[in-house]
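Visitor: Please read through the structure below; I'll follow up with questions.
The values are calculated or read from the model by the stated rules, or taken from the named source; none is laboratory data. Quantities reported herein were computed from a predicted structural model and do not represent experimental measurements. In this analysis, Cβ positions are derived from the backbone assuming ideal geometry, glycine residues included, and neighbour counts consider all displayed protein chains.
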Amino acid sequence: MRAFQMQCRAEIIRVTRNRYFVFWSLLMPILFYYIFTNVVNTHAPDQAAWQAHYLMSMTAFSVMGSSIMTLGIRLVQERTQGWSAFIRITPLSDRIYFAAQMAGQSFIHLLSITIIFIAGALINGVSLTALEWLLSGLWILIGSFPFLALGTLIGLMKKVETAAGVSNVLYMVLAVAGGMWMPLEVMPKTMQTIGKWMPSYNFGNGAWEIVRGGTPNWNNILILIAYSALFMLLSKYIRRKQEAV
């Protein structure tokens, strides 16, 4: 247990010192939030509802990016630098090592959620009930698991440059197709149909439903569980193939 705690602490310190994380996961979502709620005229009939909706979008966008890019690229860097091989000759098991990676990243997500929620309250005076703040934050924290699993899948790539390129493309495609930058309703019908099957849409929609006074749909939950299982199975299969070589 002590080894797990120390590894978690090391992961948290390392991520918070990463300028890449600070820009992509904190500064950029807050900047986008300000632009699309104060600079760009979206003609939203209910401005307060739009500001709360887009706050959830940018918080989910931040956490998704941190899972895919920060975690995935870091895993590739550790393997290429020999850190993963070194871990295998220490008393720290692979299971504890990866669990610590995931737990440390989840703590970082909690920090991101808190900072972006505070930014939304300060920038636009977003006002939700205590229960809505809590439930939307918990949804985004727990619902990020499929993207953590996707991050571990990206972490199996052989080159940092490849991982960085693939994770950037995935991040942007998922954000746009999932309605995080603009509502899915304003997109063409084909994009709407595709988007509703994306993990990013189902991730964001749970939080959007909460701030509208509802609850996440069962479709959102089941689709996120299915993507989690798919990414975990793929990751396990590829890792075994790599170890067999």
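Visitor: In the set Gly214, Gly179, Gly206, which member is at pLDDT 90 or above and closer than 18 Å to Phe36 by Cβ?
Guide: Checking each option against the conditions leaves just Gly179.
Visitor: Can you tell me how many residues in the stretch 142-163 are surrounded by fewer than 17 Cβ atoms within 10 Å (Cβ to Cβ) and either at pLDDT 90 or above or within 14 Å of the chain's Cα centre (by Cα) (or both)?
Guide: 1
Visitor: Could you tell me whether the stretch 116-136 includes any residue that is under 13 Å from the mean Cα position of the chain (by Cα) and at pLDDT 90 or above?
Guide: No, the stretch 116-136 has no match at all.
Visitor: Moving on to the next point. Of the residues that make up the stretch 90-111, is at least one over 22 Å from Lys236 (Cβ atoms), modelled with pLDDT of 75 or more, touching a helix residue (DSSP H, G or I) at 6+ places or on another chain (Cβ under 7 Å) and of a type outside the set (A, V, I, L, M)?
Guide: yes
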